[in-house]
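Scroll down for the structure; my scribbles are underneath it.
The values are calculated or read from the model by the stated rules, or taken from the named source; none is laboratory data. All values reported here derive from a predicted model rather than from experimental measurement. Heads up, the Cβs are rebuilt from the backbone with ideal geometry, glycines too, and the neighbour counts pull from every protein chain shown.
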Amino acid sequence: MTAASYTHLIFMIATCGLGMVDPPEAAEPAAPEVRAAPSEAAVLAQQLGSRDFAERQAAAAELSEMGSDAYEALRKAYQACDDLEVRLAIQQIVRDSFFEERLFSQHGFLGIGPVILGEHDDPHVPPGRAAVYVSSIVENSSAAAAGLHLSDLILTMDGQPFPREVTTDSFSERIREAGPGTIVRLGVQRVKLNVDVAVEIEVTLGRRPMRYYLSSLPDQPYLGWLEETAADFGHWWADWSGEQPSAAATLPVPQPSPDTRPVKIHRVPRRSRP
């Protein structure tokens, strides 16, 4: 075999792969395990056990603002923790959020003491109609923020006059069912510098404060709704946490704040026909 033929044979073996095994491919290095970063709620739940009181309070406030979005992180923290103080804090946050979403956020609140007047009580009430007299205003309520005054006479709501049959309860029910965040237009007759002035006021309804559920009259439904929600929470908590809540933790503890303090009720004399 000539040198040229030998060289050609070697070339054919190399190019055709005869009798040759491809070298194994180098294995790619395994990707490092990536753990998901804890959620914001999980971080805040951990801070409930902080030694810093201000940090614990701030974490509790933020978790309360999250509402049900924080439930899963709080449930895991509750089940993994044996610190009684932290467990009670979680129970309070979850309980208050439950009441807020199931009850308190559902009912509108204007913040006045309504007195129903008829055509024989005030000359501004049209025949066959009624009006709502403002005898008191809750401090920092929707009514106060919108500029309602003591002794204002509300003649219309959203452009509609009140029928003669309207009662304090039916007016309050209408406000309650409208719900927080609803904007209502009130047609008001006001005495200003001994001159009658007609004004229209837009009011954004707030939420009914908890203290007004606790202090409701026996013939009003609010306290009953509070008790029903408490019972619902007891059953829900048992499923959520796997244990029964303590009796003291079932009902939320009222915390009066400046936006729920009623001003002193001024007994303004009713206006009468001249």
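Any idea which of Ala130, Ala143 is aliphatic (A, V, I, L, M) and either outside any helix (DSSP H, G or I) or modelled with pLDDT under 95 (or both)?
Result of the check over Ala130, Ala143: Ala130.
Of (1) acidic (Asp, Glu); (2) touching a residue at least 12 places away in the same chain (Cβ under 8 Å); (3) assigned to a helix (DSSP H, G or I), Asp121 satisfies all except one. Which?
Checking Asp121 against (1) acidic (Asp, Glu); (2) touching a residue at least 12 places away in the same chain (Cβ under 8 Å); (3) assigned to a helix (DSSP H, G or I), the one that fails is (3).
Can Ser172 be described as small (Gly, Ala, Ser) and more than 30 Å from Ala73 (Cβ to Cβ)?
Taking the combined requirement at face value, the residue satisfies it.
Please state which one of Ile116, Ile154 is outside the structural domain of Ser64 (by TED's automatic domain parsing), surrounded by fewer than 21 Cβ atoms within 10 Å (Cβ to Cβ) and at pLDDT 95 or above.
Ile116
Collect the residues in region 92-111 that are crowded, with 19+ Cβ neighbours inside 10 Å, in a helix (DSSP H, G or I) and out of contact with any Ser or Thr (no Cβ under 7 Å at 6 or more places or on another chain), keeping them in residue-number order.
Passing the criteria: Val94, Arg95, Phe98, Phe104.
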